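Heads up, the thing below is written out as structure tokens.
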Amino acid sequence: QGYPEVDRFLSDLRSRYGDVSRAWRVALDVDESGLLDMREFCNAVKLMGYRGNLRSLWFNLDDDGSGYISLKELDPNAAAAFEKFRSTCTLRYDTIESTWKYCIDRDRSGMVNLAKFRHAAQQLGYTDDQEIQKLFSLLLPTAGQQYFTLHDLKFLQNWDDAKRLAAERKRLPRGWVNKDPFRVSEQPVPAEADGEDHADIIADVKNMDKRKDEFLRLLKERHGSVVKAFDVLDCSG
């Protein structure tokens, strides 16, 4: 990153969790959306006991000035490895769970070690054994553990679900319409969204949810409850 404060922070993550990507999964991106806004980041870092300047740390980590931090900004190599694995799995088997069932854990043992994962990765089209070993290491929930389970891949399915939902919402009209704003069309959504647009569309989803929460909170503050607010707003009676 090039900033002493950031370097110390990333070094602390590696010391605690083994690598930055594991820290991201375990301690930072708790909702597994793939992005952190400043509030989420500050809450997570405070829980870790960070005592430095949070605003300065945030500013220096948010390389693109988007108002969101992604794993790509903390560990671009790990982010690329996860994204390749996610897209490879979902393009071939549609979901991570199906990939697990029909490719990764075909013996139904519920656990996957390196040898088993190597065979599955080769079936998925991976040919570089060093890449396979590195990916296996990244997927382990704890440094030094010898296996992972389907639960440890859940974050990839959540990332995929978020991509699909964000891509669908991006296609919906943004103007006011008197219908359910969260209704989605039945048109199939491609598993892979444009990588350059991923941060923008996920951020858009988070902003929509945030605005909704702020609006409901305002109604409660002014009218005591959403029901009472609706009675005031319902001009038709």
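The values are calculated or read from the model by the stated rules, or taken from the named source; none is laboratory data. Since the model is a prediction, treat every value here as computed from it, not as a measurement. Don't worry about glycine lacking a Cβ; one is built from the backbone with ideal geometry, like all the others, and counts go over all protein chains shown. Protein only, heavy atoms only, side chains kept; ligands, DNA and RNA dropped before computing areas. Shrake-Rupley method; radii C 1.70, N 1.55, O 1.52, S 1.80 Å.
Across region 103-114, rounded Karplus estimates of 3J(HN,Hα) from the backbone phi angles (6.51 cos²θ - 1.76 cosθ + 1.60, θ = phi - 60°) give 10, 7, 10, 5, 8, 6, 7, x, 9, 10, 9, 5 Hz, Gly and Pro being marked x. Which entries in 101/170; 84/134; 72/134 show an alpha-carbon gap greater than 22 Å? With Cα atoms farther than 22 Å apart: 101/170.
Here the 3J(HN,Hα) profile of region 10-22, calculated from phi with Karplus coefficients 6.51, -1.76 and 1.60 at θ = phi - 60°, is 5, 5, 5, 4, 5, 5, 7, 10, x, 7, 5, 5, 5 Hz, Gly and Pro shown as x. Over region 7-91, accessible surface divided per residue gives 47 Å², non-protein components excluded, 1.4 Å probe. Shape of region 67-137 from its Cα gyration tensor (a ≥ b ≥ c, root eigenvalues): rounded if a/c is under 1.5, otherwise prolate when a/b > b/c, or oblate? Cα axes put region 67-137 in the prolate bin. Label positions at residue 80 and residue 46, each projected 7 Å from the Cα along the C-beta direction, are separated by 3.6 nm.
Once you have a ≥ b ≥ c as the square roots of the Cα gyration tensor eigenvalues for region 1-141, tell me rounded if a/c is under 1.5, and otherwise prolate or oblate according to whether a/b is larger than b/c. Note, shape of region 1-141 comes out prolate. Here the accessible area of region 90-134 is 45 percent carbon and sulfur, with a 1.4 angstrom probe and all protein chains present. With the Cα gyration tensor of region 1-43 giving a ≥ b ≥ c as the square roots of its eigenvalues, does the rule (a/c under 1.5 for rounded; else a/b larger than b/c for prolate; else oblate) give rounded, prolate or oblate? Since a/c reaches 1.5 but b/c is at least a/b, the shape of region 1-43 is classed as oblate.
Peptides 121-128, 82-89, 8-15 ranked from most to least packed by the mean count of surrounding Cβ atoms within 10 Å: 82-89, 8-15, 121-128.
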